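The values are calculated or read from the model by the stated rules, or taken from the named source; none is laboratory data. Note that the coordinates shown come from a computational prediction; the quantities given were computed from them, not determined experimentally. All Cβ positions, glycine included, derive from the backbone under ideal geometry; neighbour counts span all protein chains shown.
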Amino acid sequence: MSRIGIAFSGGLTASEIADCAERAEALGYESVWVAEGHGGDQFAILAACALRTHRVRLGTAISNVFVRTAPTIAMAAATVDELSGGRFVLGLGSSHRVQVGPEHGVGYSRPLGRVRDTVTVVRALLREGEASHAGETIRIDHFDLWFQPLRREIPIYISAVFSKMTELCGEIADGVILTRGTLASAARARAHVAAGAAREGRDAAAVEIASLLPASVAPDRGAALAAARPGLAFYAGFFPRYNRLIAESGFPAEAAAVAEAWAAGDTAGAARAVTDEMIAATGVAGTPAECRGRLEAYRDSGLDLPIISPFARGAGAKERFLTAIEACAP
């Protein structure tokens, strides 16, 4: 059976996500992932999913290393892992400067160091039950757990967009989480993972390459592309890092037009600047058959785990998620 995951980044209540997770498991999905962002507390939602499912892996995609302390992340991870019977995957990432400071009031600096320090502290707490750490970005005199984790080793994946973070995945992570990748992204990421793994004497093949793939399913391709357009406009307009990603994926002029419109407050103009080709190249959109074919193309490109990430808000959002889950089921 082909491996596939489903990710939720907002638009649904916690109970609705648990409903969708249960349905995804029944259809053969291997994992369920929940974002941080603005969609509700990811660890609480995954705890609810843990009590409604029996087989699927449950992961954060991703947990922000700036807005939660490392000990808090370790305790939350161990809690969901215990509730799920050892099915949890901790996905960590540095998020974005435009979110961390303005939205959370937290300073943002040295993201590579922050991710590395967080992984070190989390692993120490899980393995030993206590940790002291004097790192590049985190100093902890002493913290100890007042409970025993179910597993002393929990898989840790790291979100990576560009080469430096992807190489860090090769050095310290069990997996890398890409986002909005093209068919060339997996091979490129694997090369950077190998470079990082070589520095630490690790087996690069043991690092799983996963990717969040925006998914839009409709009876006809035009409708699916139209539904996906606002989401890509937001990502390329609001996040400088994702704008650069889209530009480097072969759409520099289009990415610049989206950014210009977004900066001027013209969200409709930003959406109009998103072309069908941009959507098709960086995600999964179309009829059910077209979406399944696109997922196979991603797998053939070297991606270990495609994770569909539908974008739906407002009335009928749950139905749109379920439509994508049903259409892309293995």
Can you name every residue in the range 124-138 that is loosely packed, with under 14 Cβ neighbours inside 10 Å and either farther than 26 Å from D81 by Cβ or β-branched (V, I, T) (or both)?
A134, E136
By residue number, the members of the range 54-73 that are of a type in the set (V, I, T) and more than 23 Å from E208 (Cα to Cα) are V67, T69, T72
Selected residue (criterion: modelled with the lowest pLDDT) from residues of the range 88-106 that are part of a loop (DSSP other than H, G, I, E, B) and crowded, with 23+ Cβ neighbours inside 10 Å
S95
Test for V121: is it under 29 Å from A259 (Cα atoms) and crowded, with 21+ Cβ neighbours inside 10 Å
no
Is it true that S109 is of a type in the set (S, T, N, Q), more than 11 Å from P71 (Cβ to Cβ), within 20 Å of the chain's Cα centre (by Cα) and modelled with pLDDT of 95 or more?
no
State the number of residues belonging to the range 38-96 that are within 17 Å of E16 (Cβ to Cβ) and of a type in the set (V, I, T).
3
Are there any helices (runs of 4 or more DSSP H) wholly within the range 212-330 with 1 or more residues that are among the aliphatic types (A, V, I, L, M) and over 27 Å from L92 (Cβ atoms), and if so which?
221-238, 252-263, 267-273, 276-281, 288-300, 317-327
M278: passes all of (1) outside the structural domain of A35 (by TED's automatic domain parsing); (2) without any contact (Cβ under 8 Å) to a residue 40 or more places away in the chain but (2)
Tally up the residues in the range 168-186 that are more than 18 Å from T60 (Cβ to Cβ) and either among the acidic types (D, E) or over 16 Å from the mean Cα position of the chain (by Cα) (or both), please.
4
Going through A210, A197 one at a time, which residue ends up being out of contact with any Pro (no Cβ under 9 Å at 6 or more places or on another chain) and at negative phi?
A197
Evaluate the range 303-314: report whether one residue or more is small (G, A, S), at pLDDT below 95 and farther than 19 Å from H96 by Cβ.
yes
Which residue, of C291, C328, is closer than 26 Å to D174 by Cβ, surrounded by 23 or more Cβ atoms within 10 Å (Cβ to Cβ) and either out of contact with any strand residue (DSSP E or B) (no Cβ under 6 Å at 6 or more places or on another chain) or in contact (Cβ under 8 Å) with a residue 60 or more places away in the chain (or both)?
C328
Yes or no: E208 in contact with an Asp or Glu (Cβ under 8 Å, 6 or more places away or on another chain) and of a type in the set (D, E, K, R)?
yes
I'd like the residue in the range 153-165 that is touching a strand residue (DSSP E or B) at 6+ places or on another chain (Cβ under 6 Å) and among the β-branched types (V, I, T) and, out of all such residues, is surrounded by the most Cβ atoms within 10 Å (Cβ to Cβ).
I158
Give the residue, chosen from E82, E36, that is assigned to a loop (DSSP other than H, G, I, E, B) and not assigned by TED's automatic domain parsing to the domain that holds A236.
E36
So, of the residues in the range 6-32 that are touching a helix residue (DSSP H, G or I) at 6+ places or on another chain (Cβ under 8 Å) and not in a helix (DSSP H, G or I), which turns out to be nearest to F88 (Cα to Cα)?
V32
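One line per residue, one yes/no per condition, for (1) touching a strand residue (DSSP E or B) at 6+ places or on another chain (Cβ under 8 Å); (2) buried (at least 21 other Cβ atoms within 10 Å of the Cβ); (3) among the aliphatic types (A, V, I, L, M):
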site: G10; (1), (2), (3): no, no, no
site: G28; (1), (2), (3): no, no, no
site: R52; (1), (2), (3): no, no, no
site: A61; (1), (2), (3): yes, yes, yes
site: V65; (1), (2), (3): yes, yes, yes
site: D81; (1), (2), (3): yes, yes, no
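Residues in the range 212-228: is at least one more than 23 Å from F321 (Cβ to Cβ) and either in contact (Cβ under 8 Å) with a residue 12 or more places away in the chain or buried (at least 16 other Cβ atoms within 10 Å of the Cβ) (or both)?
Taking every residue of the range 212-228 in turn, none turns out to be more than 23 Å from F321 (Cβ to Cβ) and either in contact (Cβ under 8 Å) with a residue 12 or more places away in the chain or buried (at least 16 other Cβ atoms within 10 Å of the Cβ) (or both).
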